[in-house]
């Protein structure tokens, strides 16, 4: 192989086709541009022709709905391939034209210039577990919407439950005892409630399977460490491990926070420093889970029996670290509320610091 020559291939991947742009190590213009079908035979044929030149071939494409099958396929062929983080590619402010070919050229140039921010490519096992966890989250969202549909349906008819909270045992008895005036309305209510019951049973079944996944050898220890923190249950812990993989790929806690999109945006110039809302870059799924966990720090009390049991058998240093995190995060939450910050803003700020504590626990930097 002629190691002095390197060919960089940018790929704009679509469901049915792939726009290819190939440039060399020193050239400024494209050596070739081509649109091929998105199938195994076409991709293999294209890269075999490039490898026949004797040059080293490197390729990249943006992460998207096509997943990671293409990168795995290329790695099996001996082609070094990376997956670029969407939204992290350099772009000219005046560039208002977007086509598949131009995107492929942009990727090829970014790869050659070292401007690619790589996405962690999970193993097939991790990807399968990640998709299962997201299925569980989707079902929980569907359950929430199904419950809202019933309440909205009844509110439109002036029916409201006033003897306590919704979806308690008494509220469910009230729902079952309702007799609506029109038979079709009664049928609608019954169907809505049957949908809620079905989704609840499905969520329970999925949650039990998540507990089984957490008991597997590769997950059991990291999940135990993460569950030492208040607000982080089995689902959040397994999701963190499956989505992140190796926490050591983040050199600092700040890098991990930025990956989750929990750091504030900044627009500073001269002597003026302007901070905005969080960037919302990176993994939105984990960001939402950590923000949900952060609401548990709104109130501080002696650790519950459940949390104490979860910490049994863990290193003393880690338990002390988790306790310090609880006190610090609770103080931050309360301080921001007393400063008249919206509770959502306070929860997001606490989630940012919680992610730093999580990074410390998973990398062993808990001093």
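A short reminder: the numbers here are calculations on the coordinates, not readings from a lab. Not measured: the values here are computed from a predicted model. Ideal geometry is used to build each Cβ from the backbone, glycine not excepted, and the neighbour counts take in all protein chains shown.
Can you put 354, 225 in order of Cβ neighbours within 10 angstrom, beginning with the fewest?
Starting with the residue having the fewest Cβ neighbours, the order is 225, 354.
For residue 201 and residue 160, compute 0.36 nm times the residue count separating them, minus their Cα-Cα distance, and round to one decimal in nm.
Result for the pair: 12.2 nm of gain on full extension.
Round to the nearest 10 and give me the degree value, 0 to 90, for the angle of helix 343-363's Cα axis relative to the longest principal axis of the chain.
60 degrees
Over the chain, what is the relative contact order in whole percent, taking alpha-carbon pairs under 8 Å and six or more residues apart?
12 percent
State, as an integer percentage, the relative contact order of the stretch 2-113 based on alpha-carbon contacts under 8 Å between residues 6 or more apart.
35 percent
If r is the Cβ-Cβ distance from residue 92 to residue 141 and R0 is 30 Å, what FRET efficiency results, to the nearest 0.05?
0.20
Using alpha carbon centroids, what distance separates the stretch 37-86 and the stretch 205-221, in Å?
Centre-to-centre (Cα) distance: 34 Å.
How big is the C-alpha Rg of the stretch 241-363 next to the rule-of-thumb value 2.2 N^0.38 Å, as a ratio?
1.14
Between 106, 188, 236, find the one with the highest GNM mean-square fluctuation for the chain; connect C-alpha pairs within less than 10 Å.
188
Kindly provide the Kirkwood hydrodynamic radius of the stretch 2-113 in Å, to one decimal, from all pairs of distinct alpha carbon atoms.
About 14.1 Å for the stretch 2-113.
So if we plug the beta-carbon distance of residue 335 and residue 171 into 1/(1 + (r/R0)^6) with R0 = 51 Å, what FRET efficiency do we get, rounded to 0.05?
0.90
Quick one: among 81, 60, 195, which has the greatest mean-square fluctuation in a GNM of the chain with alpha-carbon springs under 10 angstrom?
Residue with maximal mean-square fluctuation among 81, 60, 195: 195.
Can you tell me the length gained on complete extension of the stretch residue 279 to residue 118, counting 0.36 nm per residue apart and subtracting the Cα distance?
Taking 0.36 nm per residue and subtracting the Cα distance, the gain is 56.1 nm.
What distance in nm lies between label points placed 7 Å from Cα along the C-beta direction at residue 77 and residue 53?
Those two pseudo-labels are separated by 1.4 nm.
May I ask you to compute the full-extension gain from residue 208 to residue 327, defined as 0.36 nm times their residue separation minus their alpha-carbon distance, rounded to one decimal in nm?
Length gained between residue 208 and residue 327: 39.7 nm.
Which FRET efficiency value, to the nearest 0.05, is calculated for residue 309 and residue 216 with the Förster distance at 25 angstrom and r the Cβ-Cβ distance?
Efficiency at R0 = 25 Å is approximately 0.75.
Based on the mean of other Cβ atoms within 10 Å per residue, sort peptides 325-331, 208-214 so the most packed one is first.
325-331, 208-214
Run the helix sum for the chain: -39,500 (n - 2.57) per DSSP H stretch of 4+ residues, divided by residue count, reported at 222 nm to the nearest 500 deg cm²/dmol.
My calculation for the chain gives -17500 deg cm²/dmol from helical runs alone.
So what are the chain's ellipsoid semi-axes, whole angstrom, largest first, if each one is the square root of 5 times an eigenvalue of the alpha-carbon gyration tensor?
45, 29, 22
State, to one decimal in nm, how far the label point of residue 185 lies from the label point of residue 288, with both points 7 Å from Cα in the Cβ direction.
3.4 nm
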